[in-house]
Amino acid sequence: MILHTVNKSPYADQTLLSCLRAASEKDTLLLIEDGVYGALKGGEYSALVESAAPRILVLAPDLEARGLLDKLSTTIATVDYAGFVELTVTHDKVVSWF
Amino acid sequence: MKSFLIITRRSPYGTSYGKEALDAVLMASAFVPVSLLFLDDGVFQIKQHQDADCIEIKDYSPTFAVLEQYDVKNIYVSASSLQHRGLTEKDLVLDVEVISDARIANLLDTNAVVLSF
Amino acid sequence: MIFSLAVYGSPYTYQSSDSAYQFARELLNQGHEIYRIFFYHDGVYNANRLTIPPQDEINISSRWSSFAGENNIELVVCVASALRRGVLDDSESRRYEKDTHNIEQNFTLSGLGQLIDAGIVSDRLVTFGS
Amino acid sequence: MHCIDTDREGYLKDLSDWSADVAVQLAESESLTLTDNHWEVIHLIRDFYMKYKISPTMRVLVRQVRDKLGVEKGRSFHLLTLFPDNPLKRLSKIAGLPKPPNCD
């Protein structure tokens with residue numbers, strides 16, 4: 001079980017797509033920094049992210065910082081830094097995509 | 001002993017990530033079993049016929065040939081990364097194993113530590 | 001659990017060192033141990049004590065330094081990456097005949113082997129890339 | 001004998017200044033007299049550097065010496081005898097390779 005982090009916007013580069021290609025169903029993917037743009041509703045990548053096999057979460061402070069709390073896709077849950085730390089504990093390792 | 005997987009995802013020269021990933025591989029090889037995976041634009045690092053001297057950057061592509069001396073024998077390249085970029089194994093300077101996305105997922109699972117660059 | 005962090009982003013250009021700091025602080029809140037924070041690639045600039053942000057912005061290198069001092073955490077800067085980018089301590093400065101040095105307190109220059117060691121010793125190694 | 005430009009630790013400032021004569025002078029400043037045994041290792045490490053564009057680690061150097069010059073010489077002890085204290089640093093200096101970073 002792997003926790004993947006992605007910190008790049010899918011609108012800017014392929015990092016999120018690469019991560020999804022390598023991630024397994026049992027993994028979790030946490031969108032941080034500019035990665036949070038991948039979690040918006042009604043965007044070009046929304047359908048892809050909403051239907052992705054691994055569970056997808058978003059780091060709330062990065063979302064809030066960017067003024068996007070009202071644009072978050074309804075199917076995606078958020079965590080704060082406490083939740084981020086807990087995820088690193090409950091998964092076997094962390095793989096960072098940047 | 002923990003095994004390490006080092007993933008190199010950036011093209012050469014555009015950033016120094018590729019060179020610094022290779023440094024990390026060589027260093028890791030002294031301590032732990034290490035595998036190296038070329039993924040995404042990382043595959044361009046081992047494209048044949050590089051000549052970075054002409055842009056006055058040190059050409060580090062010859063260094064890949066030293067990996068064997070450093071006991072780095074598990075060297076993988078993503079098949080889909082090659083294919084998306086119109087490259088084949090024949091374009092590469094290194095003898096590598098071309099692997100599927102499923103094998104990549106398996107590598108991520110089976111190595112204790114994954115470092116990406 | 002024992003954690004180590006790797007930071008690759010230059011401060012003020014990338015968010016990665018801010019994220020790493022927030023994460024590190026939360027690790028301690030939850031009672032985890034931080035074995036080492038390793039700065040590699042442009043992350044070595046986090047150790048430059050000569051940075052001068054405007055007064056209404058965070059001073060990133062001194063924030064790391066006090067965090068490390070207060071919590072007894074090792075901040076290690078890859079020496080090869082640092083030399084290339086002009087982050088020097090007193091001894092490297094003398095070794096390369098430079099007229100000054102600029103490493104922030106509580107950071108130390110050491111080899112890339114320290115990153116590998118952090119991966120071996122820690123239960124989790126978390127990378128903050130740029 | 002002409003003057004060679006070195007830094008305070010005795011490394012060549014410009015690696016392209018290196019020649020066999022320069023190597024002899026660099027060795028003298030380390031109080032070493034180069035013998036055939038030294039030279040074969042100097043050539044070996046230079047060949048390695050030219051081919052791979054990096055300096056080997058001690059472990060890899062020992063193995064190279066063993067493979068190319070035989071088991072008897074392929075031991076750290078042999079290299080330590082030829083280039084005392086820190087063979088890799090001394091060899092880099094005398095063979096005109098880049099100054100290694102201090103990371104031990």
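List of remarks:
- Label point of residue C:57 set 7 angstrom out along Cα-Cβ; within region A:55-88, amide nitrogens under 18 Å from it belong to A:66.
- Ordering of A:47-60, B:76-89 by burial proxy (mean other Cβ atoms within 10 Å per residue, highest first): A:47-60, B:76-89
- Cα convex hull of region A:2-97, projected area averaged across orientations, nm²: 5.3
- Of all DSSP beta bridges in region C:2-128, antiparallel share, percent nearest 5: 5
- Loop sites in region A:10-74: chymotrypsin sites (Phe, Trp or Tyr not before Pro), DSSP, at most 15 other Cβ within 10 Å: A:11
- Among D:72, B:56, B:20, D:9, the order of accessible area from largest down is B:56, D:72, D:9, B:20, computed with a 1.4 Å probe on protein heavy atoms.
- Of C:23, C:118, A:49, farthest towards positive along the dipole that unit charges on Lys, Arg, Asp, Glu beta carbons give the protein assembly as shown: C:118
- Entries of A:26/A:93; B:47/D:51; A:8/B:58; D:13/D:99; C:98/D:53; B:19/D:99 with Cα pairs more than 20 Å apart: A:8/B:58; C:98/D:53
- Cα pair count fraction exceeding 25 Å, expressed as % - region B:4-116: 15
- Calculated from backbone phi, Karplus (6.51, -1.76, 1.60) coupling profile of region C:45-52 in Hz, x at Gly/Pro: 5, 4, 8, 7, 6, 8, 6, 10
- Angle between chain D longest axis and helix D:20-29 axis [Cα atoms, degrees, rounded to 10]: 90
- Here the alpha carbons of region B:22-66 define both size measures, Rg and Dmax, at 12.2, 36 Å.
- Amide H partners (placed H, <5 Å) of residue A:79, local residues excluded: A:58, A:59, A:60
- Computed on region A:2-97, with alpha-carbon pairs under 8 angstrom and 6+ residues apart, the relative contact order is 35 percent.
- Inter-chain Cβ neighbour count for C:114-126, averaged per residue, equals 6 (cutoff 10 Å, partner chain atoms only).
- Near the amide H of residue C:126, within less than 5 Å, lie the amide hydrogens of C:4, C:5, C:6, all on another chain or at least 5 residues away, with H placed in the peptide plane.
- Shielding score for B:107-114, defined as the mean number of other chain Cβ atoms within 10 Å: 5
- Rounded to two decimals, the Cα-based Rg/Rh of the protein assembly as shown, with Kirkwood Rh, is 1.00.
- Accessible-area composition of the protein assembly as shown, carbon plus sulfur, in percent [1.4 Å probe]: 49
- Rounded accessible area of residue C:112 (nearest 10 Å², 1.4 Å probe): 10
- Interface size, chains A and B: roughly 1300 Å² of accessible area buried, both sides included, 1.4 Å probe, rounded to the nearest 100.
- Label reach from residue C:97 (point 7 Å along Cα→C-beta): in region D:13-28, amide nitrogens under 20 Å belong to D:13-19, D:22-28.
- Vicinal HN-Hα couplings computed from phi for region D:38-55 (Karplus, 6.51 cos²θ - 1.76 cosθ + 1.60; Hz; Gly/Pro x): 5, 4, 5, 6, 4, 5, 4, 6, 5, 4, 4, 5, 5, 6, 10, 6, 9, 7
- Residues within the reach of a label modelled at residue D:59 (point 7 angstrom out along Cα to beta-carbon, backbone nitrogen below 19 Å), restricted to region B:43-70, are B:64-70.
- Taking each DSSP H run with n ≥ 4 as -39500 (n - 2.57) and averaging over every residue of chain A yields -7500 deg cm²/dmol at 222 nm.
- Gyration tensor (alpha-carbon) shape descriptor, region D:15-94, a/c threshold 1.5: oblate
- Region C:18-94 shape via C-alpha gyration tensor axes, a/c threshold 1.5: oblate
- Förster radius 51 Å - calculated FRET efficiency between residue A:71 and residue D:13, Cβ distance, rounded to 0.05: 0.30
- If you take the alpha carbon atoms of chain C and fit the smallest convex hull around them, that volume is 98 Å³ per residue.
- Mean partner shielding of peptide B:63-69, defined as the number of other chain Cβ atoms within 10 Å of each residue Cβ, is 4.
- The Rg/Rh ratio for region B:59-113, using Cα coordinates for both the radius of gyration and the Kirkwood hydrodynamic radius, is 1.00.
- Gyration tensor (alpha-carbon) shape descriptor, region C:85-125, a/c threshold 1.5: prolate
- Relative contact order computed over chain B (Cα-Cα under 8 Å; 6+ residues apart), in percent: 37
- Amide H contacts under 5 Å for residue B:112: B:3, restricted to partners 5 or more places along the chain or on a different chain, H placed in the peptide plane at 1.01 Å from N.
- Buried accessible surface for the B/D chain pair comes to about 1000 Å², total over both chains, computed with a 1.4 Å probe.
- GluC sites (Glu not before Pro), loop per DSSP, at most 16 other Cβ atoms within 10 Å - longest free stretch of chain C: C:1-56
The values are calculated or read from the model by the stated rules, or taken from the named source; none is laboratory data. On a predicted model such as this, the values are computed, not experimentally measured, just so you know. With ideal geometry, Cβ positions are generated from the backbone for all residues, glycine too; neighbour counts draw on all protein chains shown. When the accessible area is computed, the model is the full protein with side chains, heavy atoms only, and any ligands, DNA or RNA have been set aside. Shrake-Rupley method; radii C 1.70, N 1.55, O 1.52, S 1.80 Å.
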